[in-house]
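Undergrad: If you scroll down you'll find the structure; I have some questions about it.
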Amino acid sequence: MTTPYTFDVLVLGAGLAGMRAALAAHEGGAKVAILTKVHPVLSHSNAAQGGINAALTDRGDKWEDHAYDTVKGSDYLGDQDAIEILAEEAGKDILALEHMGVIFNRNDEGRLGTRRFGGQKRARTFFVSDFTGQAMLHVLYEQLMKANLPVFEEWFATSVVRDDDGRCAGVVAFEIRYGKFAFIKAKAVIIAAGGLGRVFEPSTNAMICTGDGMAIAYRAGAPLMDMEMVQYHPTTLKGKGLLITEAARGEGAYLVNSEGERFMERYAPNMMELASRDVVSRAEQIEINEGRGINGCVLLDCRHLGKRLIQDRLGQIFEEAKSFANIDLTEEPIPIRPGMHYSMGGIKTDVDGRSWDIQGNWEGVQGLFAAGETACLSLHGGNRLGANSLLDTVVFGRRAGSCSAAYAQSVHTPRVSDSISDQDRTMVQDLLRRPPQADTVAAIRLDLGTTMNHHLGVFRDQEGMQAAQNILPGLRDRWGRVAIHDKGQVFNTSLVRALELGMMLDCAETIVFGAITRKESRGAHFRTDFIQRDDENWLKHILIYRNPDGRPRPDYLPVRITQWEPQVRVY
Amino acid sequence: MPYFQEFTLETEPSDTVLDALIRIRESVDESLTLRCSCRGAICGSCGMRINGHAALACKTKLVSLESSDALVQVEPMNNMPVIKDLVTDMGGFWDKIRHVQPWLQPTGPTPDAEYLASPESMNHLTGVMGCIMCGACVSDCAALEVDHQFLGPAALAKSYRFVADPRDGASASRLLDLNKPNGMWDCTRCMECIEVCPKGVGAMDRIMTLRAKGIGQGVPSTCGSRHAEVFADLIEQKGRLDEPMLAMRTFGLGNIGHILSFLPMTLRALVRGKLPKSGPLHRAIPGIDRIRRLFRYMRNST
């Protein structure tokens, strides 16, 4: 029997990067399908609030300036050739989105309006109120419906399959609704499965962000890169860690400590609240640690922006503050604190999404591509600028899609037996058959998340990271024994959560491994035992491969510098 | 057969229904099944009925629920098949969204830069773009409950988003399609979709605007559009709602067969004393001039 599912290109994930990649591959003539564990419009791209950057020349902006701001924001760890592509192609992609139907905010001339965002000298962030990600996501899904591309909806991918030559041959996945496994054959697989936020607790990320894409690529032999670079967003709510958009500060909101001082004056006298995120998060944490916080938070003050502006341009967070913090943003400041938000690291790709190709030689897995937060080019280096992630998804989603279509034309359909899915099917059956016990997936997830947040947060040191590294094997042991009480085949979300936990543990291991390896402070990776950036030894990326025994193995790549030599970073 | 199961748990004042459900799932019954993801009323996964009305579990505080015995009843959304516990099959929901061809259909060449459009003509659309497709409006739609073919509030609001977009060139054909049976005239204006929407999309208001735009563009008259026109005309003529005349003129005075089919119902109403005392056909109320002046004023001012 052969699988009824055979495609040129299979995209894992239906967020912005995934859908953009699928559409580009479709335009490139490939037979494309998308596989996603949630309905496309429920993807986490929804949560991107503030906007999308582009330097449009007809506004007097220069893409080189955007690129420079991004390089500086990355603390010089970003690869400048990739950043140049991001900045240069941004305008084209913004216009393509507008032509597809995105209702960007307009200015009085009837043209697209911009707002300011952190780490950038100019207002070059295009936006849809404060739900830009959602507005883009829905429009890309509209285009997907128009193109009538097949979507494996609510399917969970368990492995990337390679043929005997080591080429990517598709994925093994099961349909959550029926619990049925299938091998989905594809010449090329694009992983666009989003980030790993839930590895930390709390996190701004949705509960679905469990690093699945990174983990299955890593298990299949693809290297991960910059995994130690984890962004803490400066404005998240206490408790669940919900995000308050940077657009609030972009529109002029202040950060204030318990003494009523706009403390950013002392940390970033020029850019103030709009310094890059790593800088602002560290400043807040210092204020809190030194006793100038309020119950573990500082305050974000929007009052002076006025009711009208808040409701027009920050409507979603106005509602969010009311619903989840019981605060009227127009009347009182809101307590916020730094919270885990984004993974700069991910599956190492080249500028066409390949994992990863050096002059025709795939150093990663041939036929495997990645885009979006799952991928690491590296664009964002040590710290991502706000509103560059949405741009990343559309520019490099598109490029990965186009390249994968061309690649698929150049290779034959892989020959792999359908029995390839047996291994994962058996693994799941064994998981379901485990004898009952007191430990739960939820308990292990919580222990993992709090460990990571405690030791791999805004400030890190050897002792703490070592503690985390010592805790992880115990969590993995527990995961290897934990039972699933729901034995059913239909919509078994307990099973999904158990499998996700396995992915999260792999991600956590690489994060800790990368962080311990990097003996300097750069971007979001700030070590109190190595407080200086060390360009002499560490102006390089840490690649992590998975050894056959499952342990991580490091490799290094120099940072690609085109025009901007590293300088002291001051905001 | 579906059944209810009761769980007892301690709660905090800040807890949402989702917090409570997750706590049940994590510490009492792992098999409790629901969709949930963002926890912040952004993704639209956790639509369900809470104490009889559709809502997002993550946005509903337990303390906001009026119940004397502190019992909160959660059910899967209505008007769609149930898969398991609180998870429904949204396939039919999306089929209806797809029916309205929900993508921008511009006419003419694509401009080199963005489409030019005034902020007034565009920025208001963010209200309807705020729809997160959670299904709450469809769950509680009274018209859908009796007519599964009705397009429903979510699809109609989605269609409005294109009809009202100055860049879209297909609004005439869109309105013609919505003018057909199961389209915009099938809404019974019960307002439930407005009540339950967690994002303030106001689907019913959008449907009413679609109707007005349809009439404005001269779509072929239907029972629905005649109902609206005759309603206004009767008020202007008589100052009150003349229900029998409204029905007759809506279906067309020439449509004897259809009008006669109302006879049994009319007789039953008569027997039960539900016909107005003034008889089947009303006269104009005293002071009708003042009402007609209002109509003239409205006409002149628009």
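We did not get these values from a lab; they are worked out from the coordinates using the rules stated. Bear in mind that the values here come from a model prediction, so they are computed numbers and not experimental data. Note: ideal-geometry Cβ built from the backbone for every residue, glycine included; neighbour counts use all protein chains shown.
Undergrad: If r is the Cβ-Cβ distance from A:Asp165 to A:Gln423 and R0 is 22 Å, what FRET efficiency results, to the nearest 0.05?
TA: Working: r = 19 Å, r/R0 = 0.87.
That gives a FRET efficiency of 0.70.
Undergrad: Okay, moving on. For the protein assembly as shown, what does -39500 (n - 2.57) per DSSP helix run (n ≥ 4), summed and divided by total residues, give at 222 nm, in deg cm²/dmol to the nearest 500?
TA: -11500 deg cm²/dmol
Undergrad: Okay, moving on. Say the dipole of the protein assembly as shown comes from +1 at the beta carbon of Lys and Arg and -1 at that of Asp and Glu; which of B:Ser27, A:Met225, B:Thr266 then lies farthest toward its positive end?
TA: B:Thr266
Undergrad: Relative contact order of the range B:91-216, please, whole-number percent, based on alpha carbon pairs below 8 angstrom and at least 6 residues apart.
TA: 32
Undergrad: For chain A, take the longest principal axis of its alpha carbons; what is the angle in degrees between that and the long axis of helix A:441-455, to the nearest 10 within 0 to 90?
TA: Value to nearest ten degrees: 40.
Undergrad: Charges only on Cβ, +1 for Lys and Arg, -1 for Asp and Glu: so what's the dipole of the protein assembly as shown about the Cα centre, in debye to the nearest 20?
TA: 2620
Undergrad: Determine the relative contact order of the range A:38-121: mean sequence separation of Cα pairs under 8 Å and six or more apart, normalised by residue count, in whole percent.
TA: So the answer I get is 24 percent.
Undergrad: Report relative contact order for the range A:234-339 in percent, whole number only (criteria: Cα-Cα under 8 Å, sequence separation at least 6). All intermediate terms of the calculation are to be shown ahead of the outcome.
TA: Numbers: 160 pairs, mean separation 38.0, N = 106.
Computed value for the range A:234-339: 36 percent relative contact order.
Undergrad: Of B:Gly224, B:Ile235, B:Cys43, which is farthest on the positive side of the dipole of chain B, counting Cα position, with +1 on Lys and Arg Cβ, -1 on Asp and Glu Cβ, and the Cα centre as origin?
TA: B:Ile235
Undergrad: Using Cα centres only, tell me the gap between the range A:178-203 and the range A:68-131 in whole Å.
TA: 28
Undergrad: Taking the number of other C-beta atoms within 10 Å as the exposure measure, put A:Met427, A:Met225 in order starting with the fewest.
TA: Ranked by crowding around the Cβ, least crowded first: A:Met427, A:Met225.
Undergrad: Go through A:525-536, B:151-162, A:245-256 and give me the packing order, highest mean Cβ count within 10 Å leading.
TA: So the peptides A:525-536, B:151-162, A:245-256, ranked by packing, come out B:151-162, A:245-256, A:525-536.
Undergrad: Still on this model: Could you give the length gained on full extension between A:Lys92 and A:Lys180, defined as 0.36 nm per residue of separation minus the Cα-Cα distance, in nm?
TA: Full-extension gain reported as 27.5 nm.
Undergrad: Going down the list A:Lys238/B:Lys84; A:Lys146/B:Lys158; A:Lys31/B:Lys199; A:Lys307/B:Lys199; A:Lys348/A:Lys540; B:Lys61/B:Lys199, which pairs span over 25 Å between their C-alpha atoms?
TA: In this structure, A:Lys238/B:Lys84; A:Lys31/B:Lys199 exceed 25 Å between Cα atoms.
Undergrad: In which sequence would A:Met227, A:Met145 go, from the one with the fewest C-beta neighbours within 10 Å to the one with the most? Don't skip to the end; give the middle numbers.
TA: Numbers: A:Met227 30, A:Met145 17.
So the ranking, lowest neighbour count to highest, is A:Met145, A:Met227.
Undergrad: Quick one: if you stick a label point 7 Å off each Cα along the C-beta vector at A:Ala406 and B:Arg240, how many nm between them?
TA: 7.8
Undergrad: In what order do A:Asp352, A:Asp549 fall by count of nearby beta-carbon atoms within 10 Å, going from fewest to most?
TA: A:Asp549, A:Asp352
Undergrad: Tell me the GluC sites (Glu not before Pro) within the range A:259-296 that lie in a loop according to DSSP and have at most 16 other beta-carbon atoms within 10 Å.
TA: The qualifying sites are A:Glu259, A:Glu261, A:Glu290.
Undergrad: Still on this structure: Give the peptides A:487-493, A:78-84 in descending order of average Cβ contacts within 10 Å, highest first. Walk me through the numbers on the way to the answer.
TA: Details: A:487-493: 17.3, A:78-84: 23.7.
Result, highest mean Cβ count within 10 Å first: A:78-84, A:487-493.
Undergrad: To the nearest 0.05, what FRET efficiency results for B:Phe295 and B:Arg98 with a Förster distance of 51 Å applied to their C-beta separation?
TA: 0.80
Undergrad: Moving on. Please work out how much length the chain gains when fully extended from A:Asp58 to A:Lys146, using 0.36 nm per residue of separation minus the C-alpha to C-alpha distance, in nm with one decimal.
TA: Result: 28.6 nm gained on full extension.
Undergrad: With axes computed from alpha carbons, what is the tilt in degrees of helix A:462-481 against the longest principal axis of chain A, rounded to the nearest 10 within 0 to 90?
TA: Computed tilt is about 40 degrees.
Undergrad: Let me ask something else about it. Using 7 Å Cα-to-Cβ label points, what is the A:Asp549/B:Thr107 separation (nm, one decimal)?
TA: So the two model labels end up 7.1 nm from each other.
Undergrad: If the chain between B:Ala269 and B:Met191 were fully stretched, how many nm would it gain, using 0.36 nm times the residue separation less the Cα-Cα distance?
TA: 25.4 nm
Undergrad: Okay, moving on. Using only Cα atoms, tell me the angle between helix A:80-100 and the longest principal axis of chain A; keep it within 0 to 90° and round to the nearest 10.
TA: 90
Undergrad: Here is a further query. I'd like the antiparallel share, as a percent to the nearest 5, of DSSP beta bridges with both residues in the protein assembly as shown.
TA: Looking only at bridges with both residues in the protein assembly as shown, the antiparallel portion is about 75 percent.
Undergrad: I'd like the distance separating the alpha-carbon centroids of the range A:514-571 and the range B:76-147, in whole Å.
TA: A separation of 45 Å, based on Cα centres.
Undergrad: For the modelled label position 7 Å from the Cα of B:Ser64 along Cα-to-Cβ, which residues of the range A:326-349 have backbone nitrogen atoms closer than 18 Å?
TA: Counting only backbone N, you get A:326-330.
Undergrad: Specify the inter-centroid distance of the range A:8-46 and the range B:8-65, based on alpha-carbon positions, in whole Å.
TA: 29
Undergrad: Say R0 is 51 Å: what FRET efficiency, to the nearest 0.05, do A:Glu565 and A:Glu332 get from their beta-carbon distance?
TA: Computed FRET efficiency for A:Glu565 and A:Glu332: 0.65.
Undergrad: Give me the distance in nm between label points sitting 7 Å out from Cα along the Cα-to-Cβ direction at A:Asn537 and B:Gln73, one decimal.
TA: 6.7
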